[in-house]
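Derivation of every value follows stated rules applied to the coordinates shown; laboratory data play no part. Everything numeric in this text was worked out from a predicted model, so none of it was measured. Neighbour counts are summed over all protein chains in view; Cβ atoms, including those assigned to glycine, are modelled from backbone coordinates with ideal geometry.
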Amino acid sequence: DTGVSQDPRHKITKRGQNVTFRCDPISEHNRLYWYRQTLGQGPEFLTYFQNEAQLEKSRLLSDRFSAERPKGSFSTLEIQRTEQGDSAMYLCAGGTDVSDEQYFGPGTRLTVT
Amino acid sequence: AQRVTQPEKLLSVFKGAPVELKCNYSYSGSPELFWYVQYSRQRLQLLLRHISRESIKGFTADLNKGETSFHLKKPFAQEEDSAMYYCALRRFGASGSRLTFGEGTQLTVNP
């Protein structure tokens, strides 16, 4: 167990609806990453936080996607006006400056119908 | 641009046989390479990284900059090695930066 939890584990939504996912790393994780994984593919980077600052965003993160980490602890990823192409596993990973490793959570599986 | 290619989506070997999971990369700068593993119903976890030069669970991987490869090897496969394996790359010395993953290889070790 990496100590990184994600909620919910599964989400089914209808096209056009908004969804929000939450990631809770352990308190030592000053770094936080979001990745997206579609079927048959490896994880793809979405965004990276150092404490509360969002330092890097992928071009995959369209304007329908927004991520926050307001107090440098938990993070949320919101998708507005969901599309069927958003169906994927959304992975969160925590890390520290010391260990330099990314510790992955169990993921949130999103299905857009 | 960074790119990681794992040419085999599926690999099946018998217990005790050698196994090699291939990984090739393209990157204009100096890369740092990793292997991640995901066992059934478990989360993605780091298996090994090229800078540590460790052997983890009998697996080794050598970075070959000339061939731009980072193949994962084990001389005698075990049934518990059955899992999904991902090769990943990031910019060397940029510990906070993104990982770029390959598509993964599903390894099955048959009894």
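Within the range A:81-98, being part of a strand (DSSP E or B) and surrounded by fewer than 22 Cβ atoms within 10 Å (Cβ to Cβ) holds for A:ALA88, A:MET89. Within the range B:14-34, track down each residue that is under 21 Å from A:TYR103 (Cβ atoms) and touching a Phe, Trp or Tyr at 6+ places or on another chain (Cβ under 6 Å). B:GLU32, B:LEU33 - these are the residues of the range B:14-34 that are under 21 Å from A:TYR103 (Cβ atoms) and touching a Phe, Trp or Tyr at 6+ places or on another chain (Cβ under 6 Å).
Screening the range A:99-113 for residues that are surrounded by fewer than 20 Cβ atoms within 10 Å (Cβ to Cβ) and more than 10 Å from chain B (Cβ to nearest Cβ) and picking the one that is farthest from A:SER73 (Cα to Cα) gives A:THR113. Condition first: crowded, with 18+ Cβ neighbours inside 10 Å and under 15 Å from A:GLY105 (Cβ atoms). Now tell me which residues in the range A:55-74 satisfy that. Scanning the range A:55-74 gives A:ALA67, A:ARG69. Contact annotation: residue pairs with Cβ atoms under 8 Å, 6 or more positions apart or on different chains, pairing a residue in the range B:56-71 that is within 16 Å of B:THR105 (Cα to Cα) and touching a residue at least 24 places away in the same chain (Cβ under 8 Å) with a partner that is assigned to a loop (DSSP other than H, G, I, E, B) and not hydrophobic (A, V, I, L, M, F, W, C), are B:ALA61/B:HIS50; B:ALA61/B:HIS71; B:SER69/B:LYS22; B:PHE70/B:HIS50; B:PHE70/B:ASP62; B:HIS71/B:LYS22; B:HIS71/B:ASP62. Considering (1) among the basic types (Lys, Arg); (2) surrounded by 13 or more Cβ atoms within 10 Å (Cβ to Cβ); (3) closer than 20 Å to B:PRO7 by Cα, the lone condition that B:LYS65 does not fulfil carries the number (2). Of all the numbered requirements in (1) more than 7 Å from every other protein chain (Cβ to nearest Cβ); (2) outside any loop (DSSP other than H, G, I, E, B), A:PRO70 misses one, and that requirement is (2).
The residue of the range B:59-111 that is nearest to the other protein chains (Cβ to nearest Cβ), among those that are of a type in the set (A, V, I, L, M), within 16 Å of the chain's Cα centre (by Cα) and not in a strand (DSSP E or B), is B:LEU99. In the range B:22-39, the qualifying residues are those that are within 13 Å of another protein chain (Cβ to nearest Cβ) and either over 12 Å from B:TYR85 (Cα atoms) or hydroxyl-bearing (Ser, Thr, Tyr) (or both), and the one that is surrounded by the fewest Cβ atoms within 10 Å (Cβ to Cβ) is B:TYR39. No other residue among A:GLU78, A:GLU52 is away from chain B (no Cβ under 14 Å) and either crowded, with 19+ Cβ neighbours inside 10 Å or under 17 Å from A:HIS29 (Cβ atoms) (or both) apart from A:GLU52. Check whether at least one residue in the range A:16-32 is buried (at least 21 other Cβ atoms within 10 Å of the Cβ) and part of a loop (DSSP other than H, G, I, E, B), and report yes or no. Scanning the range A:16-32, I find at least one residue that is buried (at least 21 other Cβ atoms within 10 Å of the Cβ) and part of a loop (DSSP other than H, G, I, E, B), so the answer is yes.
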